[in-house]
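Trainee: Got a structure for you, questions after.
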Amino acid sequence: MTAEDDQTTDPDHRAGTATTADSAPSRRGRVAAFFDLDKTVIAKSSTFVFSKPFFAQGLLNRRAVLESSYAHFLFLLSGADHDQMERMREHLTKMCAGWDVEQVKSIVAETLHELVDPLIYAEAADLIADHKIRGHDVVIVSASGEEMVGPIAEVLGASHTAATRMVVEDGKYTGEVEFYCYGEGKVEAIEKLAAAEGYDLSRCYAYSDSVTDLPMLGAVGHPTAVNPDRNLRREATARGWPVLTFSNPVSLWARFQSPSSTTLAATAAVGLSAVLAGAISYRLLRRRR
């Protein structure tokens, strides 16, 4: 993991806020770290990961699998802009109309360890572990469906999730969206969660790879671009946000059993207070080896 950006921060937006909060935590709200999922925590699109077992179970036909593979290739190559995300949403919602919800949940549960576990970025696992040791809640926020995001978040040890919800009638998807956890929708979700859990968003953290998540990143005091697409990299540079590169997908269980020194490197990218907390976390993690 590499800090590629200038670590100087806007005192009104980031470092000053965190320092004040750390000196008087009793007068401020709780802290959460909001993580996008695809290309931020896992190395592939979570929707694409399950396309093979969905095909095997008869939910997808061969053409749909090929279209999914092509869309995933473009996603990995250059990310997705707003128009592409909208087209993807329309395609996926139409495709899943009539699917049995319990069947989808069963497929995800049966294949989760085999398909997702090897795709977790080691750097992301370390960063999540560090936030948890520092007493922060971890929240996975994703445009993918809640039936896929929820189990992945549970494996990661997340406190909460925010994901896209589909309309369900008689146990089947209708093909309509109840809540789209994308763009401003992510902000709506985290603000609702902040109100319920007492989070002070000025003290909170957010991590994402996509320029479409600018609203979420801008809603917290400590935004960080992870594996950013070209447009997000440009915005992060202009705003003085840290930029991290996650490049080492490995088994999640292996990483949590033996966290590496990248925990300290990750926290060093988000300000002086995070460096101090990260140093303590690293020593604690070393003792657990």
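Each value in this text was obtained by applying a stated rule to the coordinates, not by laboratory testing. Please read these numbers as outputs of a predicted model, since none were measured by experiment. Note that each Cβ is placed from the backbone with ideal geometry, even for glycine, and that neighbours are counted across all protein chains shown.
Trainee: What does the highest-first list of 28-36, 230-238 look like by mean Cβ count within 10 Å?
Mentor: The most tightly packed comes first, giving 28-36, 230-238.
Trainee: Okay, moving on. Once you have a ≥ b ≥ c as the square roots of the Cα gyration tensor eigenvalues for segment 179-258, tell me rounded if a/c is under 1.5, and otherwise prolate or oblate according to whether a/b is larger than b/c.
Mentor: Note, shape of segment 179-258 comes out oblate.
Trainee: While we're on this one: Would you mind checking which residues have amide H under 5 Å from V226's amide H? H placed 1.01 Å from N; only 5 or more apart, or other chain.
Mentor: Amide H to amide H, under 5 Å and 5 or more residues apart or across chains, V226 pairs with S208, D209, L244.
Trainee: Sequence-distant or interchain residues sharing an amide H contact under 5 Å with A162, placed H: which?
Mentor: I140, V141, S142
Trainee: Among rounded, prolate and oblate, which fits segment 128-184 when a ≥ b ≥ c are the square roots of the eigenvalues of its C-alpha gyration tensor, a/c under 1.5 means rounded, and a/b larger than b/c means prolate?
Mentor: prolate
Trainee: Between Q103 and R234, what is the FRET efficiency for a Förster distance of 35 Å, r being their Cβ-Cβ separation, to the nearest 0.05?
Mentor: Numbers: r = 42 Å, r/R0 = 1.21.
Efficiency, rounded to the nearest 0.05: 0.25.
Trainee: If we count every other residue with Cβ under 12 angstrom of E178's Cβ, Lys/Arg +1 and Asp/Glu -1, where does the sum land?
Mentor: Summing Lys/Arg as +1 and Asp/Glu as -1 gives -2.
Trainee: Here's a follow-up. Which lysines does K52 reach when only Cα atoms under 17 Å apart count, and residues fewer than 8 places away in its own chain are ignored?
Mentor: K44, K105
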